[in-house]
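Asks: Right, I'll just put the structure down here and ask away after.
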Amino acid sequence: MSAPHREGIRPLYSAEEIAARITSMAAEIAERRPENLLAVIVLKGGFVFGADLARALSLNDVAMEIEFISLSSYGARLKTSGEVRILRDIGCPVENRDVLLVDDVLDSGLTLRFARDLMLTRGAHRVEIAAMIDKPEGRKTEIAADYVGFTCPDYFVVGYGMDAGHAHRELPYVGVVEDNGRGK
Ligand code: IMP
Ligand code: MG
């Protein structure tokens, strides 16, 4: 099946490249032998990556509980206060657990920094971060992902869970929005 074409979007990482990357990432995570693992998928953008990573982890005999958190990052996107708010919280305790935060993009880092600090404050034993896309040029706070799908320049990317104006999340590949700048 060929990749669905979208006007104004240039394919960057194909579905096949993404799948291969996730297979090796899952093996890497499994080597760390997480215990009592809680995977926290950051909505909305992390839903596709989270689903694929969870299944790849199960093929490596890693068992987990899966929860979801929804965080607003408008402050970060507008480059103002950088304030992050919880829109929907996870529904389970994290105390003494290994937590894997799963998100689509690590850009300014404010969202994942907030999420990591939140889990540590709640008593997590270890918090690791898996990000599908790392855009180090956008960083505004000191944070790094433990597992990165792809590192890319400061493009505005869509597909594979990521949106521009609520569109394109369903695309099986990651593409760059070309015609309206970076969309931010
Ligand atoms: P942060 O700037 O690292 O806090 O990232 C905030 C959120 O903005 C990410 O989790 C994404 O959901 C979203 N985001 C950042 N860059 C992009 C992008 O290029 N495309 C789509 N969403 C993005
Ligand atoms: Mg996100």
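Asks: Looking only at region 127-137, decide whether some residue is at pLDDT 95 or above and over 15 Å from the mean Cα position of the chain (by Cα).
Replies: Yes.
Asks: Okay, moving on. Exactly one of these conditions fails for residue 87: (1) surrounded by fewer than 16 Cβ atoms within 10 Å (Cβ to Cβ); (2) within 21 Å of residue 12 (Cβ to Cβ); (3) within 13 Å of ligand 2 (Cβ to nearest atom). Give me its number.
Replies: Single failed check for residue 87: (2).
Asks: For region 110-119, state whether one or more residues are away from ligand 2 (no atom under 16 Å from the Cβ) and free of Cβ contacts under 8 Å to residues at least 40 places away in the same chain.
Replies: Yes, because at least one residue in region 110-119 is away from ligand 2 (no atom under 16 Å from the Cβ) and free of Cβ contacts under 8 Å to residues at least 40 places away in the same chain.
Asks: Which ones in region 8-58 are touching a residue at least 24 places away in the same chain (Cβ under 8 Å), outside any helix (DSSP H, G or I) and not aliphatic (A, V, I, L, M)?
Replies: Answer for region 8-58, where residues must be touching a residue at least 24 places away in the same chain (Cβ under 8 Å), outside any helix (DSSP H, G or I) and not aliphatic (A, V, I, L, M): 8, 10, 11, 13, 14, 32, 34, 35, 36, 44, 45, 46.
Asks: Being aliphatic (A, V, I, L, M) and more than 19 Å from residue 30 (Cα to Cα) is the filter here; which residues of region 130-159 pass it?
Replies: Once the filter is applied, which keeps residues that are aliphatic (A, V, I, L, M) and more than 19 Å from residue 30 (Cα to Cα), region 130-159 yields 133, 143, 144, 157, 158.
Asks: Next question. From the list 87, 120, 71, 59, pick out the single residue that is of a type in the set (A, V, I, L, M, F, W, C) and within 16 Å of the chain's Cα centre (by Cα).
Replies: Sole residue among the options that is of a type in the set (A, V, I, L, M, F, W, C) and within 16 Å of the chain's Cα centre (by Cα): 71.
Asks: Please state which one of 16, 67 is more than 16 Å from ligand 1 (Cβ to nearest atom), within 19 Å of residue 132 (Cβ to Cβ), touching a Cys at 6+ places or on another chain (Cβ under 7 Å) and of a type outside the set (Ser, Thr, Tyr).
Replies: When all the criteria are applied, what remains is 67.
Asks: Does residue 66 satisfy being within 14 Å of ligand 2 (Cβ to nearest atom), among the β-branched types (Val, Ile, Thr) and part of a strand (DSSP E or B)?
Replies: No: the conditions fail for residue 66.
Asks: Continuing with the same structure: Report yes if residue 62 is in contact with a Pro (Cβ under 7 Å, 6 or more places away or on another chain), among the β-branched types (Val, Ile, Thr) and either exposed (fewer than 15 other Cβ atoms within 10 Å of the Cβ) or modelled with pLDDT of 95 or more (or both), otherwise no.
Replies: The answer is yes for residue 62.
The values are calculated or read from the model by the stated rules, or taken from the named source; none is laboratory data. In this text the structure is predicted, and so the values were computed from the model without any measurement. So basically every Cβ, Gly included, is an ideal-geometry build from the backbone, and we count neighbours across all protein chains shown.
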